[in-house]
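**Student:** I'd like to ask you about the structure that follows.
The values are calculated or read from the model by the stated rules, or taken from the named source; none is laboratory data. Bear in mind the structure is a predicted one, so any value in this text is a computation, not a measurement. So basically every Cβ, Gly included, is an ideal-geometry build from the backbone, and we count neighbours across all protein chains shown.
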């Protein structure tokens, strides 16, 4: 869960121009700095003429010195020099300018100085007390500037900053600046070296380094040490991570980052990235042999030594291994992997390795996409990292094949399509959903994970054709056929008895059906816009679903009946169950499109089980109990309705409701909305789902998540977000933060405070609250630093 | 007042094939550009049926460009495990309809749809439920795009 | 100190020059297009 899960990401910060620290130093052949540079590549242009304008020109023939006095302008090969007084010594080939001299480079960099002694092509020379402003308006001032051999610029007693100097009193120190006895820019190495450098914030020196260097910002990749990060936590003590980036080749690099911790010794953490012609992959690994593992050997109840251990316990060697990669075979096919393996659930959290993570889904896949077809073959391995996850309850699933194909040309005049799904999984231990079935004691209510092996191959084909009669009625006959081959071998255990009979068995399940969909769209126009109203009716004739409960339900456990499933021919969400019996679905849809392009759509309806076995009422035979209390189990289903509202671009809201068919009680309600209006960005998600005790949901599930960010000024934003859990009637996660961009055009600042339950599984008490403070400071053209601390305390501090 | 959208006499812009409502002829002449990704493939297949009703493609008169933004959120989270109890997928689609050979669109805009599913600690069941929710949202959007397009052809706006 | 930036395409990658609408040409990496045994599955 990233820090700004509630608030949509702000629009991309203004991209600073490509210029670097004073990119007048950058390596382009054009001139740089106070003095003109002619890189060796371009020959001197023989017939380039130097233009010189001034109020008064004084020729001193015997010394061959031409002196221009009074607002002198000199242009030579795209460079300009303005000064009060310029003496051009033709014999010594020197140009001496004095009195508020202004040198302008080809690339627009401007240098102000008091006196400049330049070579005649304004290429090399000495400058006194120069001030430089680069094209991406970073600023450098130095007592003396010297340029040698077109490759090396040396500035003595120099000050560099990217901040805007305030006009009315330039003496006020800029927000931040780097003062150095000497700044050397090696153009050939594209490196900037500082000697005896002091970093000053608001004029106060806060860091001093004898030597300090960084690549010229126009350089994107450069081997060298990256900014170190510091940390502290109870279990590992003080830690410092000093990453070294090694750019092996333009398409390959490695980052080796030893983490020295005061209590646990040294952890080696590394990342290797490699890009090839067809794709790219990366490997991230970290490992440590802990010196003091007892720090992690927390007991749930400290007083009682043999109480449940939470946390990694006395495990000494802790490691993580992650790798992902994707390669294109050709323009339609690609394959790849995304693997995450850990020594234990807590290692990434404890050592803050690439941020905490609660998901560890490893997958290997081959994917192909054609014009109207899609093929996906993959395998899964899951590693549960929450406190309640038990590894042997999570399945290894291989293969999972999904192959969807729609014929481009009509077959029998209509559209023929087929879908293939193959799933095969194995897990070692069962997972039950437990509940009180309303009021009784806790018991197993549903089996949502059967131990043993389960494999299924399903093929279904469907045909449909739309006819429109002269008066505008739309008739869409359709037919479908489905065959499933299932091999089920659940481990035998007493607890599984009531849900699944064990023993190795194979089943063949078939289903077929025909149906007709009727629509009659009407349209009207008035000043408000275009109105469309459309009654919809659907009838499906088909035999009963067979083998309900004879095998596990692994991929069709979730069933949310609302307007998005009203007109599906099979309302189950997976292949393990299939809707049987004959059914009619009826609905009415109304759409308004205003002249301004806003769109509003509302649809409602109901589903009727006509005859045969109602697959949803028979959910009690299904091991996962899917279908029970879904609103479809009665012959007359609940009423469902949905509305979508897109008044203006980037402002959209969708709602879905389900009402009891007798009492009109709200069985489920959802609102999902997002808005980016001018300076306001909002995000809302609300859900309320009625109790379903027969599925293990004994309480109403209700929660709302809302986040917003407002740009008070162009550069300052304030944001906040919260998630409120109605069941516990409290905010289980809330976050506030602010950000200030371009403070004096050289600092971006972002601060976030997050308060949430400490779901880090090693927390001793279940209800302890974690307070996290994140501060990120970005010094334009230099780099950024971030500091995050988190402290968790128990909600009832007074108690323990 | 209201009149049938697909009836032959219905006023509409553009050519009409033999005995067919002009709206339908126009809908059949839209070439939906390929959309990258599984959700794009599902949305495009469903939209093509909504536009052509299963018939062969006609000479292209319009080109429809679609881009999809896919997001998922969890309003209800079990505070102790941090795992969601339900999850809502939302698709936001930007579309632009351009007459063949022209650059600036005649109509463009955004459509939005969401679908939810129950989330448990069985991650495989969650992955399949999310895939189904994405398909449901894609089918919703295909229907809304058909309504928008046929509204345009029937009224010229 | 160094700077970590995005990877660049491999230097020996075959390139074709593509002229952008504004007339400037640009080197683009040639995408792999070798036949694959399952190509027949996709239309």
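**Student:** Across the range B:11-34, what is the total count of residues that are buried (at least 20 other Cβ atoms within 10 Å of the Cβ) and either modelled with pLDDT of 95 or more or part of a loop (DSSP other than H, G, I, E, B) (or both)?
**Tutor:** Selection size over the range B:11-34: 5.
Matching residues to (1) crowded, with 21+ Cβ neighbours inside 10 Å; (2) under 30 Å from residue A:524 (Cβ atoms):
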| residue | (1), (2) |
| --- | --- |
| A:584 | no, yes |
| A:594 | no, yes |
| A:597 | no, yes |
| A:606 | no, yes |
| A:613 | no, no |
| A:623 | yes, no |
| A:629 | no, no |
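**Student:** Let me ask something else. For the range C:15-30, how many residues meet the condition of being part of a loop (DSSP other than H, G, I, E, B) and either within 7 Å of another protein chain (Cβ to nearest Cβ) or exposed (fewer than 10 other Cβ atoms within 10 Å of the Cβ) (or both)? Steps first, please.
**Tutor:** To start, the set of residues in the range C:15-30 that are part of a loop (DSSP other than H, G, I, E, B) comprises C:20-24, C:30.
Within this subset, residues satisfying the condition of being either within 7 Å of another protein chain (Cβ to nearest Cβ) or exposed (fewer than 10 other Cβ atoms within 10 Å of the Cβ) (or both) are C:20-24.
Here the count works out to 5.
**Student:** Follow-up. Filter the range A:648-687 down to the residues that are within 14 Å of another protein chain (Cβ to nearest Cβ) and assigned to a loop (DSSP other than H, G, I, E, B) and list them by number. Before you say what the answer is, go through the steps one by one.
**Tutor:** Of all residues in the range A:648-687, those within 14 Å of another protein chain (Cβ to nearest Cβ) come to A:648-658, A:667-677, A:681-687.
Answer for the range A:648-687, where residues must be within 14 Å of another protein chain (Cβ to nearest Cβ) and assigned to a loop (DSSP other than H, G, I, E, B): A:649, A:650.
**Student:** Also: Among the listed residues A:274, A:214, identify the single one that is buried (at least 16 other Cβ atoms within 10 Å of the Cβ) and facing chain C (nearest Cβ under 7 Å). First the steps, then the outcome.
**Tutor:** Details: A:274 fails: facing chain C (nearest Cβ under 7 Å).
That would be A:214, the only listed residue that is buried (at least 16 other Cβ atoms within 10 Å of the Cβ) and facing chain C (nearest Cβ under 7 Å).
**Student:** Would you please name the residue that is farthest from the other protein chains (Cβ to nearest Cβ), looking only at residues in the range B:106-130 that are over 20 Å from residue A:695 (Cα atoms) and touching a residue at least 40 places away in the same chain (Cβ under 8 Å)? Outline the logic, then answer.
**Tutor:** Narrowing the range B:106-130 to residues over 20 Å from residue A:695 (Cα atoms): B:106-115.
So of that shortlist, the ones also touching a residue at least 40 places away in the same chain (Cβ under 8 Å) come out as B:106-107.
Values: B:106: 12, B:107: 8 Å.
The residue in question is B:106.
**Student:** Looking only at strands (runs of 3 or more DSSP E) that fall completely inside the range A:449-546, which ones have 2 or more residues that are modelled with pLDDT under 95, over 43 Å from the mean Cα position of the chain (by Cα) and within 14 Å of chain B (Cβ to nearest Cβ)?
**Tutor:** On the way: elements: A:452-464, A:474-490, A:505-519, A:522-526, A:529-541.
Hits in the range A:449-546: A:522-526.
**Student:** Going by the structure shown, is residue A:432 within 12 Å of chain B (Cβ to nearest Cβ), surrounded by 14 or more Cβ atoms within 10 Å (Cβ to Cβ) and either without any contact (Cβ under 8 Å) to a residue 60 or more places away in the chain or not in a loop (DSSP other than H, G, I, E, B) (or both)?
**Tutor:** Working: within 12 Å of chain B (Cβ to nearest Cβ): yes; surrounded by 14 or more Cβ atoms within 10 Å (Cβ to Cβ): yes; either without any contact (Cβ under 8 Å) to a residue 60 or more places away in the chain or not in a loop (DSSP other than H, G, I, E, B) (or both): yes.
Taking the combined requirement at face value, the residue satisfies it.
**Student:** Condition first: surrounded by 21 or more Cβ atoms within 10 Å (Cβ to Cβ) and either touching a residue at least 12 places away in the same chain (Cβ under 8 Å) or over 21 Å from residue A:431 (Cβ atoms) (or both). Can you find one or more residues in the range B:98-105 that meet it?
**Tutor:** Going residue by residue through the range B:98-105, those that are surrounded by 21 or more Cβ atoms within 10 Å (Cβ to Cβ) are none.
Within the range B:98-105 (the criterion being surrounded by 21 or more Cβ atoms within 10 Å (Cβ to Cβ) and either touching a residue at least 12 places away in the same chain (Cβ under 8 Å) or over 21 Å from residue A:431 (Cβ atoms) (or both)), the answer is no, since none of the residues qualifies.
**Student:** Would it be correct to say that residue C:10 is surrounded by 10 or more Cβ atoms within 10 Å (Cβ to Cβ) and not in a helix (DSSP H, G or I)?
**Tutor:** On the way: surrounded by 10 or more Cβ atoms within 10 Å (Cβ to Cβ): yes; not in a helix (DSSP H, G or I): yes.
When the stated conditions are applied, residue C:10 passes them.
**Student:** Further question on the same structure: When only residues in the range A:179-206 that are within 14 Å of chain C (Cβ to nearest Cβ) and modelled with pLDDT of 85 or more count, which is nearest to residue A:746 (Cα to Cα)? Walk me through how you get there before you give the answer.
**Tutor:** Of the residues in the range A:179-206, the ones within 14 Å of chain C (Cβ to nearest Cβ) are A:189-194, A:197, A:199.
Narrowing the set further to residues that are modelled with pLDDT of 85 or more leaves A:193-194, A:197, A:199.
Working: A:193: 21, A:194: 20, A:197: 19, A:199: 14 Å.
It comes out as A:199.
**Student:** Which of the residues spanning the range B:85-96 are crowded, with 21+ Cβ neighbours inside 10 Å, farther than 14 Å from residue B:71 by Cβ and more than 7 Å from chain A (Cβ to nearest Cβ)?
**Tutor:** Listed by number, the list holds a single entry, B:95.
**Student:** Now a separate question. Looking only at the range A:315-353, which residues are in contact with a helix residue (DSSP H, G or I) (Cβ under 8 Å, 6 or more places away or on another chain) and away from every other protein chain (no Cβ under 14 Å)?
**Tutor:** Quick first cut of the range A:315-353, residues in contact with a helix residue (DSSP H, G or I) (Cβ under 8 Å, 6 or more places away or on another chain) only: A:315-316, A:318-320, A:330, A:332-333, A:342, A:346, A:350, A:353.
Those that are in contact with a helix residue (DSSP H, G or I) (Cβ under 8 Å, 6 or more places away or on another chain) and away from every other protein chain (no Cβ under 14 Å): A:315, A:316, A:318, A:319, A:320, A:342, A:350, A:353.
**Student:** For the range A:713-739: of the residues being part of a loop (DSSP other than H, G, I, E, B) and more than 25 Å from the chain's Cα centre (by Cα), which is farthest from residue A:698 (Cα to Cα)?
**Tutor:** Among those that are part of a loop (DSSP other than H, G, I, E, B) and more than 25 Å from the chain's Cα centre (by Cα), it is A:713.
**Student:** Here's another thing I want to ask about it. With the requirement that a residue be closer than 20 Å to residue A:786 by Cα and touching a helix residue (DSSP H, G or I) at 6+ places or on another chain (Cβ under 8 Å), what does the range A:218-233 give you? Walk me through it before giving the result.
**Tutor:** Here is the first cut: in the range A:218-233, the ones closer than 20 Å to residue A:786 by Cα are A:224-233.
The one that is closer than 20 Å to residue A:786 by Cα and touching a helix residue (DSSP H, G or I) at 6+ places or on another chain (Cβ under 8 Å): A:233.
**Student:** Only one of A:635, A:599, A:607 is more than 14 Å from chain B (Cβ to nearest Cβ) and under 26 Å from residue B:89 (Cα atoms); which?
**Tutor:** On the way: A:635 fails: under 26 Å from residue B:89 (Cα atoms); A:599 fails: more than 14 Å from chain B (Cβ to nearest Cβ).
Just a single option satisfies the conditions, and that option is A:607.
To keep it simple, each residue is scored yes or no on (1) within 30 Å of residue A:744 (Cα to Cα); (2) at pLDDT below 80.
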position: A:43; (1), (2): no, yes
position: A:52; (1), (2): no, yes
position: A:57; (1), (2): no, no
position: A:68; (1), (2): no, no
position: A:72; (1), (2): no, no
position: A:98; (1), (2): no, no
position: A:129; (1), (2): yes, yes
position: A:132; (1), (2): yes, yes
